[in-house]
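Quick notes on the structure that follows.
The values are calculated or read from the model by the stated rules, or taken from the named source; none is laboratory data. Note that the structure is a prediction, hence the values are computed from the model and not measured. For neighbour counting, all protein chains shown are included, and Cβ atoms are generated from backbone atoms with ideal geometry for every residue, glycine included.
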Amino acid sequence: MARRSTPLLRRLLAPSPSPTPSTPLAGAASRRTVTYMPRPGDGAPRGVTLIPGDGIGPLVTGAVRQVMEAMHAPVYFETYEVHGDMPTVPAEVIESIRRNKVCLKGGLATPVGGGVSSLNVQLRKELDLYAALVNCFNLPGLPTRHDNVDIVVIRENTEGEYSGLEHEVVPGVVESLKVITKFCSERIAKYAFEYAYLNNRKKVTAVHKANIMKLADGLFLESCREVAKKYPGIQYNEIIVDNCCMQLVAKPEQFDVMVTPNLYGNLVANVAAGIAGGTGVMPGGNVGQDHAVFEQGASAGNVGNEKIVEKKRANPVALLLSSAMMLRHLQFPSFADRLETAVKRVIAEGKYRTKDLGGTSTTQEVTDAVIAKLD
Amino acid sequence: MARRSTPLLRRLLTPSPSPTPSTPLAGAASRRTVTYMPRPGDGAPRGVTLIPGDGIGPLVTGAVRQVMEAMHAPVYFETYEVHGDMPTVPAEVIESIRRNKVCLKGGLATPVGGGVSSLNVQLRKELDLYAALVNCFNLPGLPTRHDNVDIVVIRENTEGEYSGLEHEVVPGVVESLKVITKFCSERIAKYAFEYAYLNNRKKVTAVHKANIMKLADGLFLESCREVAKKYPGIQYNEIIVDNCCMQLVAKPEQFDVMVTPNLYGNLVANVAAGIAGGTGVMPGGNVGQDHAVFEQGASAGNVGNEKIVEKKRANPVALLLSSAMMLRHLQFPSFADRLETAVKRVIAEGKYRTKDLGGTSTTQEVTDAVIAKLD
């Protein structure tokens, strides 16, 4: 690494043309000043595996790359071509992620039917990324029908309905297995409560359907209750998933952190993302004991949307905010703050918005606006 | 650690009585909301060596302890009694710091003359804490004669005039050696530029007296210039230390990050702390490759002030802000933010201030005010 870092650092640090001064929205309050004493060597560049993917993937990852360069962030990307119709994720990609420990992913379109297993799911199982996290919150300047939304959905990522264990019993009859284990339920509950503790969140809600699936979701709930006992300072309650979806659209402010098994998490995350501004702006990621993969928080099906790809109007905000999470994960908090501040300013200003936010800009225009608002 | 953490966690997490709601000064802008995805296990409690020390030390470290408990921060303290008149720092203390990697220190009074080497200096040399950092900035609500002060003084901590190499040549004649090496100058310059890079600082100023001490400070300057070449995006300039001290009190806004050898750094840090609000409020610490010791940023001689100790009016703000830096160092950013926000609110409100800030409160009153303003 030492041999790489000096020329890399020099290239990263060549002075960029000074950006146009940005209007100080909310003044100094929008910029954080924190006292922070780095360890020596904290500035060494870190490698990140980059998977552009399919559909809008290359567009939005290109946006992230441009912003990272403009910021001179100490990250360098190792790009790999992976497409949703490959049978498995190539071994070199997995090897690269194991080495770098961090990956940024655009989006892999999963073909419908046909027995081809989703590469997204495969990646998560291979690296044991057992927690998927989506942070859905109202962005200032982006009006939605629901206010006061600040929900974090923590979803078990490796088992449940997505086990991929299906078989055709007799022609025309298929069985699909939903597997719930104590081990996985316990660790996702532990992660959810630890997250709430570390981020000063007051409440954790477990989402389930144990009135119907008494044993499977019952086991999930038992694990959550056990872990809840160890955190007496955090409120814990349970909600059935159908009621939950209704409450999300009626009174979203009652939810704080939500811990869910695999399938419910997917749905709840997409509902929460939708009420808070859309899947185009919510950041998220998948984390395991050793690795982390960052991607759009909740991307319900728009990865392969041809029209957006043609017109280059994909919303880069979600992946930009996810890459800010990634910078924080790599312990570059100052760069993460600058990126988040710039993105929030662009959204608050409202001039450059893609179609899903009600505007007419292209991905490149939004990216340039973010770069212009970096300080 | 696993055997320790569960009962510890339970004790740390018993619900505290809810604090009185604080007036939302500057509204939501004073609270940061950032998207942050912790790794599993990030919430495990960390051990910190605590050295209360002499004079005001026990008072202010007691304040930090109370605030940490009120916040349920995942740190536990291992306290050791060390006093300035001991011949050396006890081996068990060094052993404990090597194990925990992080230490919080109140203050050790160094006896004047007599050949007893300072325990502070000894600690820094033993653990090779080669960078001392003080962040001097104006706090909102605390009026000073100088505005727009935001200076970080990075001071070489192991050599220079503080080598401790003195001898009496003949009775009545003493020689004291000031040692400057390329190795130490280079690494402090590297740390200063890396700090500036990681924290989005625009300028690094080297403070020297190379017109007189041509070889010694000349070597220091050479090292700084070499490192400056690797960071073309950061401005670099040099200033002679006497002019520097004058400029600090005339136009402090021209300084950003300052890198200095040992003695000048001590003086410059105390001047900068004085213009920005006093040594009672500036946070700081010492960092090396492996260890970090946090203490008041610049404590010019008030450690042993008997009157303050008697009346229990020592200002705990500096050590509280330093412990916020420590929490960030231990990767508990949410707790660090809460602590800093609470302290800043108390200062902005202006009701509870110790004598050095123009008020009449005791240490305990300020501590209680900070605890009340935690959210």
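Please verify whether region A:351-368 includes one or more residues that are touching a Lys or Arg at 6+ places or on another chain (Cβ under 8 Å), hydroxyl-bearing (Ser, Thr, Tyr) and in a helix (DSSP H, G or I). Yes. With respect to A:PRO111, determine if the residue is within 12 Å of another protein chain (Cβ to nearest Cβ), at pLDDT below 90 and not in a helix (DSSP H, G or I). So A:PRO111 fails the test. Can you find, within region A:308-322, the residue that is nearest to A:GLY288 (Cα to Cα) among those that are crowded, with 21+ Cβ neighbours inside 10 Å, more than 11 Å from chain B (Cβ to nearest Cβ) and of a type outside the set (A, V, I, L, M)? Residue satisfying both the conditions and the ranking: A:PRO316. Looking at B:THR88, is it modelled with pLDDT of 85 or more, part of a loop (DSSP other than H, G, I, E, B) and polar (S, T, N, Q)? So B:THR88 fits the description; yes.
When the residues of region B:177-207 are filtered to those that are surrounded by fewer than 24 Cβ atoms within 10 Å (Cβ to Cβ) and among the aliphatic types (A, V, I, L, M), which remaining residue is farthest from B:SER163 (Cα to Cα)? Top of the filtered list is B:LEU198.
Here's the yes/no breakdown for (1) modelled with pLDDT under 90; (2) crowded, with 17+ Cβ neighbours inside 10 Å; (3) more than 14 Å from every other protein chain (Cβ to nearest Cβ):
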{"residue": "B:PRO24", "(1), (2), (3)": "yes, no, no"}
{"residue": "B:VAL48", "(1), (2), (3)": "no, yes, yes"}
{"residue": "B:GLY53", "(1), (2), (3)": "yes, yes, yes"}
{"residue": "B:ALA63", "(1), (2), (3)": "no, yes, yes"}
{"residue": "B:HIS72", "(1), (2), (3)": "no, yes, no"}
{"residue": "B:VAL75", "(1), (2), (3)": "no, yes, no"}
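Checking the structure you have, find out if any residue of region B:214-234 is surrounded by fewer than 18 Cβ atoms within 10 Å (Cβ to Cβ), among the hydrophobic types (A, V, I, L, M, F, W, C) and either part of a loop (DSSP other than H, G, I, E, B) or within 14 Å of chain A (Cβ to nearest Cβ) (or both). The answer is yes, given that some residue of region B:214-234 is surrounded by fewer than 18 Cβ atoms within 10 Å (Cβ to Cβ), among the hydrophobic types (A, V, I, L, M, F, W, C) and either part of a loop (DSSP other than H, G, I, E, B) or within 14 Å of chain A (Cβ to nearest Cβ) (or both). Restricting attention to region A:336-375, the residues being within 8 Å of chain B (Cβ to nearest Cβ) and crowded, with 18+ Cβ neighbours inside 10 Å number 4.
What are the residues in region A:247-264 that are assigned to a helix (DSSP H, G or I) and under 18 Å from A:PHE137 (Cα atoms), if any?
A:GLN247, A:LEU248, A:VAL249, A:ALA250, A:PRO252, A:GLU253, A:GLN254 - these are the residues of region A:247-264 that are assigned to a helix (DSSP H, G or I) and under 18 Å from A:PHE137 (Cα atoms).
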